[in-house]
Structures are given as structure tokens and as C-alpha cells.
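A quick write-up on the structure given underneath.
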Amino acid sequence: MLIDDFLNYLRYERNYSNYTIGAYSKDLDQFQRYVREHREGVFNPGEIDSDFVRSWIVSLMDEKLSPVSVNRKLSSLKSFFKFLMKRGIVSANPLRLVSGPKTKKPLPYFIKDSELEALLDGDGFDEDFEGVRNRLVIEMLYDTGMRRSELIGIRNVDVDYEAMQVKVTGKRNKQRLIPFAEGLKNLMLAYTEVRDREVEAAGEWFFVRKNNGNQLSTGIVYNIVKKQLSEIPMLAKRSPHVLRHSFATSMLNNGAELNAVKDLLGHSSLASTSVYTHTTFEELKKVYHAHPRAKKEGGYYGR
């Protein structure tokens, strides 16, 4: 009951997405099962102390969960107990002094500009509706840095061709405007022309399926991106988020200010955006190491 109340709070008061609420629900159900297994079938948050939470963390590590997964579950539990404190259901927060396992945050995967340009300008896309649409999916994700969920959520009314900007709805239903260039505008117009001609049931959604005109799903977008990025050799990861990473990295490599990239990506703080500065620095080191003077003894800076 308490978990359901918390999830409803996230859904109706905090405007969390269904995906995020589902993740919280899974984590808290797992914790509840652990408590009942060790407390004679009773789940009473008021009796949970920090030592018990630490024992749960140890059990997760024993199950070979990664530190990232453990910390995510711990974050869900912290939010739950903050909610219980706010409602006066518990008098103390057992997670106040509990910390999770340390993690080494990997740098984001990204694709070089030249590789993406070769992909987008090549002949890997058919000229039918789906080919035109799929090319635009890749181009828009890369040119704007929007999330996969934001892309499928675009409605026809969200696109302003005169102002050359598109309105997207991000996390927690926050909306923002993203500008686009003339090249992307032409691709969007070409796509809508083909869509309106070939898809009879097309409605309010900008990106649709050919067979029924329904909104694209996140799964379809993922498969489109994975298929097209498989054309790039030696790419370790092929997902829509790689294109978002590539957008941010390219922007910073070409002189964009960090705050501007933050706003374009829809990040709530600079901390999320600053990871791309490390990516660009790694790229700069590679470029420097290719310089003939860098190959001299003592010239390998940053190693």
C-alpha cells in the first residue's frame, strides 16, 4: 500500500514517466520481498535501520549485480523513505548515512562526425517511405540531440518550419524548443510529403508507421538506429543514445558553450552535461598524439 502511494505520488505530483515509475516499482518490490524474507513476512518501513539496508546491498552484490544497478536501486529506496518522512509515516531515514558501492563512470560512446556524414550521405537508405523516414530519424537524433522518447512524441503541430524549431517534451513533462538548420528542414518537408501521400491513416503524430499511421514506438526507433549504425565498423554500441552523445560531443568540439549544450539536451544541471567535456578532452589527446612533435620523448601529455 505504501509503495503504491509513493508510485502514485511520482505519477501524479512529480509527473514521472511510466518507464521511470516502472523502474521504481521493480526496485521497491524487490526490497519489500527481501524484508519479508528476513522479517517473518512483515514489511514495516518504520523498523528498517541502516544496518538492514546495508545487508540488502551486500545481498545484491552477492547476486553479481553491477555497482551501477545497486546504486540505482538504492536511489529508489532513498526516494521512497524521503516520501515516508514527508508524510510522517517514519520518524527517521535509515538511508541517511548509507552509501552504495563506488562506480567508475565510463565515458559516453560517440561517433565521429566524418563517420556519421558518410552514413547519412551514403546509399544505405531506400527511397520508399520507410527509407526516407528512417534516414530522417537518424538525422534528427544526431542534429538535435533529442532523446528517443522525445522524437516519437513529436506531433505535427510541434514543428514550426518558419521559426525553424521543434517543441519536444522531455523528462517530467518538461518542454523545450530545439532549433534546426535548413538541411534538416528540407529532409523533414520531404518526409512529410511522402508520408501524406503514402500513409492514409496518418494523424497527429509526426513519425508514423506505414501500415496503420500510428505513432512510432521506442522499440522501432531503437531497431532503426541499430540497423543503420551497424554500417559503421568497430562501433562498440549502437543505440539512439549514442547519437545524442555524438551531438553533444560534436557541439563542444566545435566551440559551443557548455550551458548552451545543456539547454539543448534538456539537462537540469551542468553536472550531466559536463561528462562530454571529458569525452572531448580524450579526443583532443588522440589528436595531439598524432602530431609528430608529440611522438618525441616526453611528449605524450595526459597519459
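The values are calculated or read from the model by the stated rules, or taken from the named source; none is laboratory data. Please read all numbers here as calculations on a predicted model, not as lab measurements. Neighbour counts run over all protein chains shown; Cβ positions are idealised from the backbone, glycine included. In case anyone asks, the SASA skips ligands and DNA or RNA and just uses the protein heavy atoms, side chains included. Shrake-Rupley method; radii C 1.70, N 1.55, O 1.52, S 1.80 Å.
Which value, in debye to the nearest 20, gives the size of the charge dipole of the chain about its Cα centre, when Lys and Arg are +1 and Asp and Glu are -1 at the Cβ?
Around 1440 debye, computed over the chain.
Carbon and sulfur together cover what percent of the accessible area of segment 1-124 at a 1.4 Å probe radius?
Numbers: 3760 of 7800 Å².
Its accessible area is 48 percent carbon and sulfur atoms.
Here is the link list: Lys82/Lys174; Lys112/Lys237; Lys102/Lys174; Lys185/Lys210; Lys112/Lys185. Which ones come out longer than 19 Å on Cα distance? Write out the running numbers ahead of the final one.
Working: Lys82/Lys174 23 Å; Lys112/Lys237 13 Å; Lys102/Lys174 31 Å; Lys185/Lys210 21 Å; Lys112/Lys185 23 Å.
Result: Lys82/Lys174; Lys102/Lys174; Lys185/Lys210; Lys112/Lys185 exceed 19 Å.
Could you give the accessible area per residue of the chain, probe 1.4 Å, as a whole number in Å²?
On the way: 17670 Å² over 303 residues.
For the chain, the per-residue accessible area is 58 Å².
Tell me, what is the percent relative contact order of the chain, built from C-alpha pairs under 8 Å that lie six or more residues apart? Please list the in-between numbers first.
On the way: 321 pairs, mean separation 48.0, N = 303.
Once divided by the residue count of the chain, the mean separation gives 16 percent.
What aspartates and glutamates could a cross-link reach from Lys86, if we take a straight Cα to Cα line under 20 Å and drop same-chain neighbours fewer than 8 places away?
Reachable aspartates and glutamates: Asp4, Asp5, Glu13, Glu47, Asp49.
Once both axes come from the Cα atoms, what is the angle between helix 218-229 and the longest principal axis of the chain, in degrees from 0 to 90, rounded to 10?
Result, in degrees: 50.
Using every Cα-Cα pair within segment 1-151, state what percent have a distance larger than 20 Å.
Details: 7049 of 11325 pairs.
The answer is 62 percent, as a whole percent.
At 222 nm, what helix-only mean residue ellipticity would the chain give, in deg cm²/dmol to the nearest 500, using -39500 (n - 2.57) for each DSSP H run of four or more? Write out the running numbers ahead of the final one.
Working: 13 runs with 164 residues, N = 303.
Mean residue ellipticity at 222 nm (helix-derived): -17000 deg cm²/dmol.
Taking a quarter of the surface of the convex hull around the Cα atoms of segment 201-272, what do you get in nm²?
Values: hull surface 27.5 nm².
Result: 6.9 nm².
Please work out the C-alpha center-to-center distance from segment 5-63 to segment 78-156 and express it in whole Å.
24
As I understand it, the dipole of the chain uses +1 on the Cβ of Lys and Arg and -1 on the Cβ of Asp and Glu, about the Cα centre. Which of Asn223, Met140, Leu252 lies farthest toward its positive end?
So the residue furthest toward the plus end is Leu252.
Residues with amide H under 5 Å of Thr169's amide H, sequence separation 5 or more or different chain, H placed in the peptide plane at 1.01 Å from N; which?
Residues meeting the criterion, in which the H sits 1.01 Å from N, do not exist here.
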